[in-house]
């Protein structure tokens, strides 16, 4: 009997939308949330909360995935596909330079 190894890459992380779609974070670009010190705690720039956190991924195919998790007991992490505008706003909010694929989306965020 021949066994086919379908997991030749790092890992499969399913999106939490129930679609069955997945991505491999080990081959993605990723950005960790920025934080600010409020005098007592590190607060996430992505969520505005000390207990809620996010990380942004860009797949090799150019898709954006937002990973959200909480330190609250019983909470469930989520992985959702993000559109370009959401990814652009996330990068700006967290103090990152624009990714080349998001320059137009970031420019649309600029108020004149």
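Every number here is computed from the coordinates shown, using simple stated rules; none is lab data. None of these values were measured; they are calculated from a predicted model. As a convention, Cβ positions derive from the backbone with ideal geometry for all residues, glycine included, and neighbour counts pool all protein chains shown.
Okay, here's what the table says:
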| quantity | calculated |
| --- | --- |
| With Cα atoms, 0 to 90° folded angle of helix 84-93 axis to the chain main axis | 50 degrees |
| Residues residue 110 and residue 26, FRET efficiency given R0 of 35 Å [Cβ-Cβ distance, rounded to 0.05] | 0.55 |
| Alpha-carbon centroids, the stretch 44-74 and the stretch 88-110: separation in whole Å | 16 Å |
| Dimensions (Å) - the chain, Cα atoms, principal axes, largest first | 63, 38, 21 |
| Cα-based shape type of the stretch 13-76, given that a ≥ b ≥ c are square roots of the gyration tensor eigenvalues and the cut on a/c is 1.5 | oblate |
